[in-house]
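Q: Sending over a structure as structure tokens; questions will come in a sec.
The values are calculated or read from the model by the stated rules, or taken from the named source; none is laboratory data. Since we're looking at a predicted model, the values are computed, not measured. Ideal geometry is used to build each Cβ from the backbone, glycine not excepted, and the neighbour counts take in all protein chains shown.
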Amino acid sequence: MKLSSWFAGCVVALSASGAVQVQAQMRSPFDGVYQGVSRQLAGGAMSTGRTRSCEPDAVPAPLTISGGVAHAGSQQYPLEGTVSPQGALVMRSPGGHFEGQIDAQGRVVGVLVLNCSYQMTWQRR
């Protein structure tokens, strides 16, 4: 009985390590670091339409994609999401979402909607 338990434990351990190796080997053609180019105000606050409470135009923090999983934003507004095989990028944060596209030149363009909306652009390094 002890031998079968030991064998079952080894099978589980080997299966788990195989899954980790497969996960680690998965890469996306979009993996890399993308430097922020621009963040431009595209629309005012959702409730009022006014831009007074919106952040000014700026350069966004870098965007990192690894294994098709994307991370960007700040500590205050972290964004996390995925990239499709066609380059469609969707990220979410507690207060909003981003939808964009990665082109063949490594340029990411899309819209970030928080309280205000912004046109965002990154370029692959």
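Q: Give just the number: which of (1) in contact with a Leu (Cβ under 9 Å, 6 or more places away or on another chain); (2) at pLDDT below 95; (3) of a type outside the set (A, V, I, L, M, F, W, C) does GLN35 not satisfy?
A: Single failed check for GLN35: (2).
Q: Next question. Among the residues of the stretch 43-92, write down those that are at pLDDT below 90 and surrounded by 15 or more Cβ atoms within 10 Å (Cβ to Cβ).
A: Matches in the stretch 43-92: GLY44, ALA45, CYS54, GLY73, TYR77.
Q: Also, quick follow-up: Go through the stretch 102-125 and count every residue that is modelled with pLDDT of 95 or more, polar (S, T, N, Q) and over 18 Å from VAL33 (Cβ atoms).
A: Counting residues in the stretch 102-125 that are modelled with pLDDT of 95 or more, polar (S, T, N, Q) and over 18 Å from VAL33 (Cβ atoms) gives 1.
Q: Still on this structure: Here is a check on your reading of the model: is LEU89 under 10 Å from the mean Cα position of the chain (by Cα), outside any loop (DSSP other than H, G, I, E, B) and more than 14 Å from GLY32 (Cα to Cα)?
A: no
Q: So for the stretch 58-66 (the condition being outside any loop (DSSP other than H, G, I, E, B) and at positive phi), does at least one residue qualify?
A: No, the conditions are met nowhere in the stretch 58-66.
Q: Would you confirm whether or not the stretch 107-119 contains a residue that is under 14 Å from the mean Cα position of the chain (by Cα) and without any contact (Cβ under 8 Å) to a residue 40 or more places away in the chain?
A: Yes, the stretch 107-119 contains a residue that is under 14 Å from the mean Cα position of the chain (by Cα) and without any contact (Cβ under 8 Å) to a residue 40 or more places away in the chain.
Q: GLN40 versus (1) in contact (Cβ under 8 Å) with a residue 40 or more places away in the chain; (2) in contact with a His (Cβ under 9 Å, 6 or more places away or on another chain); (3) not charged (D, E, K, R): which is the lone unmet condition?
A: Exception for GLN40: condition (2).
Q: Then there's this: Which ones in the stretch 93-106 are surrounded by 13 or more Cβ atoms within 10 Å (Cβ to Cβ) and either charged (D, E, K, R) or touching a residue at least 60 places away in the same chain (Cβ under 8 Å) (or both)?
A: Within the stretch 93-106, GLU99, ILE102, GLY106 meet the criteria.
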